[in-house]
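Below is one structure, written out as structure tokens; the observations come after it.
The values are calculated or read from the model by the stated rules, or taken from the named source; none is laboratory data. For clarity, every value in this text was computed on a predicted model and none was experimentally measured. Methodologically, a virtual Cβ is constructed for each residue, glycine included, from the backbone with ideal geometry; neighbour enumeration extends over all protein chains shown. Surface areas here come from the heavy atoms of the whole protein model, side chains and all, with no ligands, DNA or RNA. Shrake-Rupley method; radii C 1.70, N 1.55, O 1.52, S 1.80 Å.
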Amino acid sequence: MDTENAVNYTYMGRSFNDLSINDNSSAFSDCNSDRSGEFPTASSQSRRLLLACANSENSDELIRQLVSDLESCSIDEQKQAALELRLLAKNKPENRINIAKAGAIKPLISLISSSDPYLQENGVTAILNLSLCDENKELIASSGAIKPLVRALRTGTSTTKENAACALLRLSQIEENKVAIGRSGAIPLLVNLLENGGFRGKKDASTALYSLCTVRDNKIKAVEAGIMKPLVELMADFASNMVDKSAFVLSVLVSVPEARTALVEEGGIPVLVEIIEVGSQRQKEIAAAILLQICEDSLVYRTMVAREGAIPPLVALSQSGTNRAKQKAETLIELLRQPRSGNAAARPSNVSV
């Protein structure tokens, strides 16, 4: 498995161990358990009773009964059991371990393949909530959850798709699962969710893609699935609240030549230059880092970036940005100001200048 967690780059005696920026975790901090208030069939009274039972000495007995009900012949009993286990796993961290120990994971995975959309949604979301416990991640993956989660990402309701993306993200935090998730067909489906999902779906898809695309094969799959178009569009739309997330995903992709070519073809250079002009400090820094990567080995791309008017905003960034941003901006300015005559190295045959 070819995993690329950082980009090593040295230019003009300066070493960059990581061309992204330090606080990327804050850009991806909200792909978590399912949202509150998503339990339309459960009354407030039943929820209060459920939480009271969960906090009592009878919680283990309750969990065992719910796990048994998952395999009931009654769909209604299965639905209620999955709903209550989903809620238990959401609200009390220690329940996640107890539910897994009670044997819930395999029957919940079976529900993910249900033709009943409500049953599928609760199965997916219960698995998501259980996966928030690090101790459960390996068991969930080894129990065969990846392929059903990918199918749910293709066939589920909007909430099911969002929570399936989050569950795959959690499983991808175990490094060896990243290849398995990519090979199961998740990448094109996540790209589709990034492009066509609602706001939460876009956020969840970008978070999952950011994690999965530290693997080279998954980067290629994402580019082939057309990820560059929605990334560039989201970065260009400051009202989308997706500029940071999209830029971080792009920053892990551009280490492969296919991504750099696709970025240029989709008009990404003018968008990145605009971010350096008017974006937040964090956005400016990550945009400079991306441009630095694509310009490193290509005179053609340097020429294109310079023609977009990148040098003045880079000069401003080199004077007023963070120390890391200043370093990136200064290095990129030096690259762009190099003589442009001579051999245009790395000129892609399908990009015109």
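Brief remarks follow.
- Less than 5 angstrom separates the built amide H of residue 215 from those of 4, all sequence-distant by 5 or more or on a different chain.
- Modelled label reach - residue 139, point 7 Å along Cα→Cβ, segment 160-201 residues with backbone N closer than 20 Å: 167-177
- Computed E for residue 241/residue 75 - FRET, C-beta separation, R0 35 angstrom, nearest 0.05: 0.35
- A Förster radius of 45 Å combined with the Cβ-Cβ distance from residue 91 to residue 297 puts the calculated FRET efficiency at roughly 0.30.
- Our note on the geometry: Cα centres of segment 59-109 and segment 225-261, 39 Å apart.
- Prolate/oblate/rounded call for segment 250-323, Cα gyration tensor, a/c under 1.5 rounded: prolate
- Using the Cβ-Cβ distance between residue 158 and residue 322 with R0 = 35 Å, the FRET efficiency computed as 1/(1 + (r/R0)^6) comes to roughly 0.40.
- For segment 64-201, the per residue solvent-accessible surface stands at 39 Å², with DNA, RNA and ligands left out and a 1.4 Å probe.
- In segment 53-143, the portion of solvent-accessible area held by carbon and sulfur atoms comes to 43 percent [1.4 Å probe, whole percent, DNA, RNA and ligands not counted].
- Heavy-atom accessible area with a 1.4 Å probe sorts 159, 331, largest first, into 159, 331.
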